[in-house]
Amino acid sequence: MRWRRSPSEPRRGRLRVGRWLFATFAAMIAATLVYALYPRPMPQTQAIQIREPQLDLERLRAVAEFAAIADLDQRSIALFEEAGRVIQHPRCMNCHPRTDRPTQTDAMRPHRPWVSRGPDGAGEPTLRCSTCHGATNFESSGVPGNPMWMLAPIEMAWHGKTLGEICRQLLDPARSHMSREELLQHMSEDALVGWAWHPGGGRKPAPGTQAEFGAIIKAWLDTGGKCPA
Amino acid sequence: MSYAISVNGQVHHVEDDGQTPLLWVLRDTLKLTGTKYGCGVAQCGACTVHVDGTPTRSCTLPLEVAASARITTIESIEGVEAQAIRGAWVARDVPQCGFCQSGQIMSAVALLRTLKTPTDRDIDVAMSGNICRCATYNRIRAAIHDAAAQLGTAR
């Protein structure tokens, strides 16, 4: 009678398991090597497509489009309302604050960091606008610039005013510090005003062009310079 | 393109794009790493250097513009105001993490060169463009007052 297993039997069993494990391991190594060494094309450097910000360029209506308004006063008001699309645009309003602090962005939020207009509108003597703002827009930092970078005088504050109030303010030399001829020149030729159409840094420009805006201002003045209510 | 740039009294010839921010040139090319990169968009003041004696954010100053000016960085700021500021900074143990401090010091020195006895408001106005994430503002303000007082005594 055989009542116990031969001492060699477990050893043979262990050997079988060992061989099976070894074969599996060797197969895995071989598969990994085949996968790693299988020739395939190397990834090539590819140019990343630069996504230009899609800016909605708004047009200004041409002066000729207002000729249909027979009443001169009404035509003049309509012309100024068209000009108001530029005047009340954030690119212009941000530098016409009613406080000593400019505003920023299309949301016209207070300027960050904190800055103040100072005695000449170009910043406090110890924190000038030119600490950050150069003579041109700087695309690397996105900081806008112009050689004349400064705020409009506080008497020319536009924030919180209706278009009619802004209109009467523009025509009042005591507040605008400009005659009508100077006002026209400011609107149609001033380089800092012109920045509004070339703001850089993905900012939305004012509607139309400075030349079109100047033509509207001229037509408005030529029709009597009437103001909305 | 090659630019001759005057930094800390030495003229360096730099081969780079003219639109490279001065901060990149200072840190990467000239290895003047005392001037810090904080935000890159002129919001924090950590990169402040003096351009012809005026505090300016080097992250938003193109190399082609900086090349025509005299640049001074934290590594070589000197004069009685700088010494007074340095002494007050140490005495008050102003820095916490220290990252913004070179910019703070450059603005503080420029302030004392403009106003000999600045008030709290003067300090707030001049330093408002220099942000400190550790909020050491009270110590900065106190140290500027100390430096001004020391300069007043010395005079």
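Every number here is computed from the coordinates shown, using simple stated rules; none is lab data. Predicted model only: the values in this text are computed from it and were never measured. Neighbour counts are summed over all protein chains in view; Cβ atoms, including those assigned to glycine, are modelled from backbone coordinates with ideal geometry.
A compact table of results
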read-out	value
Inter-residue pairs, beta-carbon under 6 Å, first away from chain A (no Cβ under 14 Å) and in the stretch B:129-142, second surrounded by fewer than 17 Cβ atoms within 10 Å (Cβ to Cβ), 6+ apart	B:Cys134/B:Gln96; B:Cys134/B:Cys97; B:Thr136/B:Gln96
Long-range neighbours under 8 Å by Cβ, at least six apart or interchain, first residue more than 30 Å from B:Thr117 (Cβ to Cβ) and touching a residue at least 60 places away in the same chain (Cβ under 8 Å) within the stretch A:126-143, second among the hydroxyl-bearing types (Ser, Thr, Tyr) and part of a loop (DSSP other than H, G, I, E, B)	none
Checklist (1) in a loop (DSSP other than H, G, I, E, B); (2) over 15 Å from A:Met156 (Cα atoms); (3) not hydrophobic (A, V, I, L, M, F, W, C) applied to A:Arg75, failing item	(1)
Subset of the stretch A:107-124 that is in a loop (DSSP other than H, G, I, E, B) and of a type in the set (Lys, Arg) - its residue that is surrounded by the fewest Cβ atoms within 10 Å (Cβ to Cβ)	A:Arg112
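To keep it simple, each residue is scored yes or no on (1) away from chain A (no Cβ under 11 Å); (2) farther than 20 Å from B:Arg133 by Cβ; (3) of a type outside the set (Gly, Ala, Ser); (4) surrounded by fewer than 16 Cβ atoms within 10 Å (Cβ to Cβ).
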{"position": "B:Val11", "(1), (2), (3), (4)": "yes, yes, yes, yes"}
{"position": "B:Val25", "(1), (2), (3), (4)": "yes, yes, yes, no"}
{"position": "B:Asp28", "(1), (2), (3), (4)": "yes, yes, yes, yes"}
{"position": "B:Leu32", "(1), (2), (3), (4)": "yes, yes, yes, no"}
{"position": "B:Lys36", "(1), (2), (3), (4)": "yes, no, yes, no"}
{"position": "B:Ala42", "(1), (2), (3), (4)": "no, no, no, no"}
{"position": "B:Val65", "(1), (2), (3), (4)": "no, yes, yes, no"}
{"position": "B:Glu78", "(1), (2), (3), (4)": "yes, yes, yes, yes"}
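Residues checked against (1) among the hydroxyl-bearing types (Ser, Thr, Tyr); (2) farther than 30 Å from A:Ala229 by Cβ; (3) more than 14 Å from chain B (Cβ to nearest Cβ):
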{"site": "A:Pro113", "(1), (2), (3)": "no, yes, no"}
{"site": "A:Gly121", "(1), (2), (3)": "no, yes, yes"}
{"site": "A:Pro125", "(1), (2), (3)": "no, yes, no"}
{"site": "A:Cys129", "(1), (2), (3)": "no, yes, no"}
{"site": "A:Cys132", "(1), (2), (3)": "no, yes, no"}
{"site": "A:Thr136", "(1), (2), (3)": "yes, yes, no"}
{"site": "A:Glu139", "(1), (2), (3)": "no, yes, no"}
{"site": "A:Gly145", "(1), (2), (3)": "no, yes, no"}
